[in-house]
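Working notes for the structure below.
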Amino acid sequence: TDDVPDAPDTDDASDTPDTADGEADIGPPSGPLATACGSVPLGIETFPIPEASGATWVTAPFAPGWLVVADSGNDGQAVHALESPWQLIPRTFPLDPGASDDLEGLSQGHLGRILALTSSGFLREWELQGEALVQTRSAYPLWLGGSEWVCDDPQAVNCGRNYEGFCLHRAPVDAVGADACAGFVVSKADGLIACVVLEDGSYRLDPTRVLDGWDPGSVSGCDFELTPPYRLVVASNYADNSYLWEVAGWQDLATATRVNLGLIGPPNQEAVAFGPNRRILVFG
């Protein structure tokens, strides 16, 4: 939706009262996105892939649209969704043997390439060559400092930090600051997001910059608005009522705050992706 006001300074809105029957009473929507946000008919409600676990809006060299990947056990099955009218193009991410097929976060990074993070903490990278996705490098660990942040076995699924989301912003450096994170990973096991930086062509975790506060087991994805002010939204799953959250002031996690937008996505949502015109597509 258009004309969404800038994010104000706000306290953590994570404390949600329970009703007498134990179900969350979220009250009216609140927060900078919710004030002017509403459901937009898409003309399509399901995508022909099992359990979407990562999604991102893609641009050149791809035709503009949403790229969505399936969860583990589906060998990189994906779909490229074009709009006006809807056209769903089947795609497959080729997977080297260096990590599992548990692709839990998807984002378009530098050079137009697509990156995906496994739940074990390993990144893969692809580019579009003609009509085919081609892997440009073997799976590599997000963190080189041992098993504290990356699983010892890259083939393991839902291990360690159990990463469920990966998102990179596309803003120019002068818009967010030279020291700002290039993006974030979402740890489901710990209920936190952690900073990712770009170093010598590789994305690496910066464990000194973390924002926590979500319940363990509850967060499942993240994405950035495509245009200023580049808002960051974090999705939660059934353990947190499938809420959408905004991280206000994400450029500095030391002072950033979590804002519960009072918006509820589909049951057990796992993927969230901003599109043009401040639309947010969420998948359950």
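Can you name the strands (runs of 3 or more DSSP E) wholly within segment 217-266 that have at least 1 residues being more than 16 Å from the chain's Cα centre (by Cα) and modelled with pLDDT under 95? Even if it seems obvious, please write down each step before you answer.
On the way: elements: 219-224, 232-236, 243-248, 257-264.
Qualifying strands (runs of 3 or more DSSP E): 257-264.
Do we have R209 as basic (K, R), modelled with pLDDT of 95 or more and farther than 24 Å from V58 by Cβ here?
On the way: basic (K, R): yes; modelled with pLDDT of 95 or more: yes; farther than 24 Å from V58 by Cβ: yes.
Yes: the conditions hold for R209.
Do we have any residue at all in segment 229-237 that's farther than 25 Å from L115 by Cβ and open to solvent by less than 40 Å² (accessible area, probe 1.4 Å)? Steps first, please.
Pass one, segment 229-237, residues farther than 25 Å from L115 by Cβ: none.
No, there is no match, as no residue in segment 229-237 is farther than 25 Å from L115 by Cβ and open to solvent by less than 40 Å² (accessible area, probe 1.4 Å).
Surrounded by fewer than 15 Cβ atoms within 10 Å (Cβ to Cβ) and over 18 Å from S107 (Cα atoms), is that true of D240? Break it down stepwise before answering.
On the way: surrounded by fewer than 15 Cβ atoms within 10 Å (Cβ to Cβ): no; over 18 Å from S107 (Cα atoms): yes.
No: the conditions fail for D240.
With over 17 Å from P141 (Cβ atoms) and not acidic (D, E) as the only criterion, which of V219, V197 stands out? Quick ask: steps written out before the conclusion?
On the way: V197 fails: over 17 Å from P141 (Cβ atoms).
On inspection, the qualifying residue turns out to be V219.
Looking at this structure, is A271 modelled with pLDDT under 95 and buried (at least 17 other Cβ atoms within 10 Å of the Cβ)?
Values: modelled with pLDDT under 95: yes; buried (at least 17 other Cβ atoms within 10 Å of the Cβ): yes.
Judged against the criteria, A271 is a match.
Limited to segment 243-268, what total is found for residues that are on the phi < 0 side of the Ramachandran plot and open to solvent by 50 Å² or more (accessible area, probe 1.4 Å)?
Filtering segment 243-268 for residues on the phi < 0 side of the Ramachandran plot gives 243-248, 250-261, 263-267.
From the residues that got through so far, the ones that are open to solvent by 50 Å² or more (accessible area, probe 1.4 Å) too are 251-252, 254-255, 264, 267.
The total comes to 6.
I'm checking my understanding of the structure. Among residues of segment 150-179 that are closer than 22 Å to G275 by Cα and of a type in the set (A, V, I, L, M), which one is modelled with the highest pLDDT?
Filtering segment 150-179 for residues closer than 22 Å to G275 by Cα gives 164-173, 175-176.
Among the residues that remain, those that are also of a type in the set (A, V, I, L, M) are: 168, 171, 173, 175-176.
Values: L168: 97, A171: 90, V173: 86, A175: 88, V176: 89.
Per the stated criteria, the residue is L168.
Right, S220: surrounded by 19 or more Cβ atoms within 10 Å (Cβ to Cβ) and among the hydroxyl-bearing types (S, T, Y) or not?
Details: surrounded by 19 or more Cβ atoms within 10 Å (Cβ to Cβ): yes; among the hydroxyl-bearing types (S, T, Y): yes.
In short, yes.
The values are calculated or read from the model by the stated rules, or taken from the named source; none is laboratory data. From a predicted model like this one, the values you see are computed outputs, not experimental measurements. Glycine also receives a Cβ, built like all others from the backbone with ideal geometry; neighbour counts cover every protein chain displayed. Only protein heavy atoms, including side chains, enter the accessible area calculation; ligands, DNA and RNA are left aside. Shrake-Rupley method; radii C 1.70, N 1.55, O 1.52, S 1.80 Å.
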